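> This structure is in structure tokens; I'll ask about it shortly.
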Amino acid sequence: MKFVDQLYELYKNQLTGDEEDVLIIVSGILSDLNREEMVKLIEDMEQEEIFQMLGTYMVEKLRVKLVEKGAGVPMEAAPPDGHLH
């Protein structure tokens, strides 16, 4: 994504490789954008980038929902034979 490339160039000397740095930068930038500006960024994305973005968002939201609702059995809690009794 061209916008991410530009962000990297702008902040590359300030980034330490820590995920917290990235979260702070992205949160700060997104908080300054209005809806139209965000939609423009999406319109400039390739189909695969939109797929990845939306897929990542949906996976994370579903993961949070499963945890909130206590649905399913965590893999580490499943019996060794893989069958629930």
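The values are calculated or read from the model by the stated rules, or taken from the named source; none is laboratory data. If you're wondering where the values come from, they're calculated on a predicted model, not measured in any experiment. Just so you know, the surface numbers come from the protein's heavy atoms only, side chains and all, with ligands and any DNA or RNA stripped out. Shrake-Rupley method; radii C 1.70, N 1.55, O 1.52, S 1.80 Å.
> In terms of solvent-accessible area of protein heavy atoms at a 1.4 angstrom probe, what is the ranking of GLU48, GLU37, GLU43, highest value first?
Numbers: GLU48 105, GLU37 80, GLU43 130 Å².
Descending order: GLU43, GLU48, GLU37.
> Also: Using a 1.4 Å probe and ignoring any ligands, DNA or RNA, find the accessible area of LEU66 and quote it in Å² to the nearest 10.
Here the accessible area works out near 80 Å².
> Give the value in nm², to one decimal: projected area of the alpha carbon convex hull of region 23-67, averaged over all directions.
Numbers: hull surface 15.6 nm².
Result: 3.9 nm².
> Still on this model: Protein chains only, probe 1.4 Å: how do ILE50, ILE24 rank by accessible area, largest first? Present the calculation step by step, with values, prior to reporting the outcome.
On the way: ILE50 50, ILE24 105 Å².
Final ranking, largest accessible area leading: ILE24, ILE50.
> If the cut-off is 29 Å between C-alpha atoms, which lysines fall inside it for LYS61, apart from same-chain ones fewer than 8 positions away?
LYS2, LYS40, LYS69
> Residue by residue, what Karplus-based ³J(HN,Hα) values in Hz, rounded to whole numbers, does region 46-63 have, using 6.51, -1.76 and 1.60 with θ = phi - 60° and x for Gly and Pro?
Those phi angles translate into 6, 4, 5, 5, 5, 4, 4, 4, 5, x, 4, 4, 5, 4, 5, 5, 5, 4 Hz.
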